[in-house]
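For reference, the structure is listed below as structure tokens.
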Amino acid sequence: MSVEEIPTQPFSDQKPGTAGLRKQVRIFQQPRYLENFLQAIFDCVTPLKGSTLVIGGDGRFYNRQAIATALSMAAANGISRVIVGLGGLLSTPAASHLIRLRGASGGLVLTASHNPAGPDGDFGIKFNVAGGGQAGEALTDQIFASSLKISRYLIDTSINVDIDRCGISTFDGFSVEVVDGLDDYARLMQDLFDFDAIRAWLKAGNRIRYDALHAVTGPYARRILVDQLGAAAADVVNAVPLEDFGGGHPDPNLVYARELVDHMMAEDAPALGAASDGDGDRNMILGPGLFISPGDSLAMLAAHLHRCPGYRGGLRGVARSMPTCRAADRVAATLGVPCHETPTGWKFFCNLLDDGQITICGEESFGTGSSHVREKDGLWAVLAWLNVLAASGLTVPELAQAHWARFGRHYFMRHDYEDLSLEAADAVMNALEAGLPALVGQRFDALTVTLADNFAYTDPVDGSHAQRQGLRIVFGDDARIVLRKSGTGTQGATLRLYLEHWRQDRLDLDPPSALAALETLAEQLVGLKRLTGRSGPDIVT
Ligand code: G16
């Protein structure tokens, strides 16, 4: 071992956002940029010394270089063992699982999630703590503070490991174990779901179409859906992970997974359509001719999860992020379990999961997960749906119709205004916030504002406070308009407008028409188009 201490100067822009540090690749490629951020982590997270660290990423461009640097710096910073995914690949949920399974003190998850990849795309680093969850606000603040005063980093360039072969490489006081992350993850899924029932369901002629969007879940889906469950190999598409995700945008939604959507809207659509994102934590679910919104998917899974072996004991509680529609709240109320409303960001679910207060949680941004790991989990959601369909004998449209008939339907849409200047985005937020108090009690046709505020959250486990988490205008149980600034973009600012309208009288509308009146009201109250000068949103999901 030959540890070098390299002098450096701080960068001012290494503040982690909603899910770690996400930047354009070329920013990460600046000399010392990656090293500084990694050193800031090693300096803050002292339990890493002498213990185990997991490293893996979604395989995007720069993954391999970043892993090589991280290994050299881990060795120099006194970490005793690093577990790396074969080829540098680990889906985000598989990394979370590996951290838990191997009792690691933390993990580096190298991903910019659903953001495009390649030399002109994005890269990112998340630090996950022991237990598998994302670093909380306090730790990320410390890491940022440390990045601002960094003056040196430690590196041992003699560490050279072939990450394309499973096995253990030993150095003086340091070792690197390369593991096939698929094995452990597939075993976990087998413990949670009834693979026999799913196999029989597929054998009976039900088909699935799974689109991995050329990102990390391809090999996982092939192993589990094709090899273990018997789906046709041709039904798992875009399954080879590529460094640039095939030039696409690996975000499983109605816009970026268009090919899958078209397939599922066609005459001979299979029984279930699904896609996952760059790092495998997001999911999109479709039935023949029907898109299941993430908020509905959370609610429907919450209502049926007891059909899966890993959840036979029922749910302890449910949680959803604030902008996510309130469909899950109704299911939780019927089950007699609590439903928590948290700020956007999976890290806010982790304390509730660790404390055993919830079993399932989800977000409107196509994230669903459970207590099995501390990240959202795309393939888990797909397997949960498959298990529920196999066990209930219902089709996706039958299950959805029955759910809405029982609970009513939460029509939901999100409008994204991307690449705004920070000033323009702040001006919209500030203008709305200033007007919120005056809105309470006002009536707009059949809707009356019952609450209008900037959402704040007190963590019931550790008492920590998160303030200014998004502006919401609530019309009782009937409707909501929510506006928040994205925490994951890498260019300018993105504003997200969320529209939700609960209807019991009409269950068969298409969301744009069900939400047309609320959309007009949102423009009247928020004035996004007026204040930004845009003619409409860039993306509607
Ligand atoms: C990340 C977080 C999610 C969060 C999402 C929100 O997702 O992990 O918990 O819901 O960001 O993004 P935004 O702030 O842009 O609305 P991911 O999949 O990008 O890691």
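The values are calculated or read from the model by the stated rules, or taken from the named source; none is laboratory data. A quick note: this is a predicted structure, and the numbers were derived from the prediction, not measured. Cβ atoms come from the backbone with ideal geometry, glycine included; neighbour counts cover every protein chain shown. Protein only, heavy atoms only, side chains kept; ligands, DNA and RNA dropped before computing areas. Shrake-Rupley method; radii C 1.70, N 1.55, O 1.52, S 1.80 Å.
Couple of notes before you dig in:
- Flag for THR52 being surrounded by fewer than 24 Cβ atoms within 10 Å (Cβ to Cβ) and at pLDDT 95 or above: yes
- Of all residues in region 137-158, exactly one satisfies the criterion of being in contact with a Cys (Cβ under 6 Å, 6 or more places away or on another chain) and more than 18 Å from THR18 (Cα to Cα), namely SER146.
- Being within 16 Å of the ligand (Cβ to nearest atom), in a strand (DSSP E or B) and of a type in the set (A, V, I, L, M) is a property that ILE125 has.
- Total residues in region 468-503 satisfying the condition of being at pLDDT below 95 and away from the ligand (no atom under 16 Å from the Cβ): the figure is 0.
Let's see how each residue does on (1) crowded, with 24+ Cβ neighbours inside 10 Å; (2) β-branched (Val, Ile, Thr); (3) touching a residue at least 40 places away in the same chain (Cβ under 8 Å):
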site: GLY280; (1), (2), (3): yes, no, yes
site: HIS306; (1), (2), (3): no, no, no
site: GLY310; (1), (2), (3): no, no, yes
site: LEU315; (1), (2), (3): no, no, yes
site: GLU341; (1), (2), (3): no, no, yes
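- So SER113, is it outside the structural domain of LEU379 (by TED's automatic domain parsing), on the phi > 0 side of the Ramachandran plot and surrounded by 24 or more Cβ atoms within 10 Å (Cβ to Cβ): yes
- Residues in region 464-479 that are assigned to a strand (DSSP E or B) and within 23 Å of the chain's Cα centre (by Cα) were compared, and the one that is farthest from ALA434 (Cα to Cα) is HIS465.
- Region 307-323: number of residues that are within 16 Å of the ligand (Cβ to nearest atom) and not aliphatic (A, V, I, L, M): 3
- Residues (modelled with pLDDT under 95 and within 12 Å of the ligand (Cβ to nearest atom)) located in region 80-121: ALA112, SER113, HIS114, ASN115
- Whichever residue in region 354-391 is part of a helix (DSSP H, G or I) and open to solvent by 10 Å² or more (accessible area, probe 1.4 Å) and, among such residues, is modelled with the lowest pLDDT: ASP354
- Residues being out of contact with any helix residue (DSSP H, G or I) (no Cβ under 8 Å at 6 or more places or on another chain), part of a helix (DSSP H, G or I) and open to solvent by 10 Å² or more (accessible area, probe 1.4 Å) are entirely absent from region 210-225.
- Top-ranked residue of region 324-347 - restricted to ones that are part of a loop (DSSP other than H, G, I, E, B) and touching a helix residue (DSSP H, G or I) at 6+ places or on another chain (Cβ under 8 Å), ranked as nearest to the ligand (Cβ to nearest atom): THR324
- If only residues of region 364-382 that are farther than 13 Å from ASP277 by Cα and within 10 Å of the chain's Cα centre (by Cα) are counted, the one that is farthest from the ligand (Cβ to nearest atom) is GLY369.
- ALA456 vs. criteria surrounded by fewer than 20 Cβ atoms within 10 Å (Cβ to Cβ), more than 30 Å from ASP508 (Cα to Cα) and out of contact with any helix residue (DSSP H, G or I) (no Cβ under 8 Å at 6 or more places or on another chain): yes
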